[in-house]
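Notes follow the structure.
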Amino acid sequence: MIDHKKYFDAATSKILDQVDRLNGTLDAIRYRHDMIISLRDSMMDPHIRRKMVPTFHQMNFYPSRGFCEIASLLWLYHMGGAWDLMQIRGTDWSHGPHFYTRHRISGQIIDITVDQYSVRHMTVPYHLGQCVEIDRRRKKLLDMYLECLHLQNK
């Protein structure tokens, strides 16, 4: 049986290594690192999970499950306009929908919740992803999440 906490922590380290290799100053690297740590820690918080994650993902508990859209939006919020929000539609992949980010110039993919699939030995078909707009609903979702994080840090 898989120790989900141990697997989640190892996945977090792997994501941090990937993010740390992106270009930037030492301060920028630390900033991204801290942002990922806060985001991944929040996935374990039961209050944030209840508020942000759809009920069906809460029943099948794995910490990053159900956070892909929020994680991607938070990455875009912090990283600015060089990144696109990508979505694999549920009609294109039987395990979707799934969200991640892709750098517009380099094509680099940052998928902060990829471990929700790798824990089940699945590979995400990024080639099926399509760029999607950050509409009003997504902005509201991000605002709601940022409010949850702010309350968590008090």
Computed ³J(HN,Hα) along the stretch 16-29: with the Karplus parameters 6.51/-1.76/1.60, θ = phi - 60°, integer Hz and x for glycine or proline, the list is 4, 4, 5, 5, 5, 7, 5, 4, x, 6, 4, 5, 5, 5
Could you please put ARG136, ARG50 in sequence from largest to smallest accessible area, using a 1.4 Å probe?
ARG136, ARG50
Using a 10 angstrom cutoff on alpha carbons, build the Gaussian network for the chain and name the most mobile of ASP27, ASP41, ASP84.
ASP27
Under a no-solvent Debye model with one identical scatterer per Cα of the stretch 61-102, what's log10 I(q)/I(0) at q = 0.16, 0.17, 0.26, 0.33 Å⁻¹?
-0.43, -0.48, -0.88, -1.07
Straight-line reach only, C-alpha to C-alpha below 20 angstrom: list the lysines that LYS51 could link to, leaving out same-chain residues fewer than 8 apart.
LYS139, LYS140, LYS154
Pop a pseudo-label 7 angstrom from the Cα along the beta-carbon direction at both MET122 and GLU147 and give the gap in nm to one decimal.
3.1
Checking the cross-link filter: which aspartates and glutamates have an alpha carbon closer than 18 Å to that of LYS5, excluding same-chain neighbours under 8 positions apart?
ASP41, ASP45, ASP115
Residues of the stretch 63-85 with amide nitrogen under 16 Å from the 7 Å Cα-to-Cβ point of TYR7?
63-67
Which value in deg cm²/dmol, rounded to the nearest 500, describes the helix-derived mean residue ellipticity at 222 nm for the chain, given -39,500 (n - 2.57) per DSSP H run of n ≥ 4 and division by the residue count?
-15500 deg cm²/dmol
Determine the sum of side-chain charges near ILE29: Lys and Arg each +1, Asp and Glu each -1, restricted to other residues whose C-beta is under 14 angstrom from that of ILE29.
-1
Taking all pairs of different Cα atoms in the chain, averaging 1/r and flipping that mean, what Kirkwood radius in angstroms comes out?
15.9
Taking only Cα atoms and a 10 Å spring cutoff, compute GNM fluctuations for the chain and point out the largest among LEU26, LEU141, LEU16.
LEU26
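The values are calculated or read from the model by the stated rules, or taken from the named source; none is laboratory data. Bear in mind the structure is a predicted one, so any value in this text is a computation, not a measurement. Cβ coordinates were reconstructed from backbone atoms using ideal geometry, including for glycine residues, and neighbour counts include every protein chain displayed. Side chains included, ligands, DNA and RNA excluded: accessible areas come from the protein's heavy atoms. Shrake-Rupley method; radii C 1.70, N 1.55, O 1.52, S 1.80 Å.
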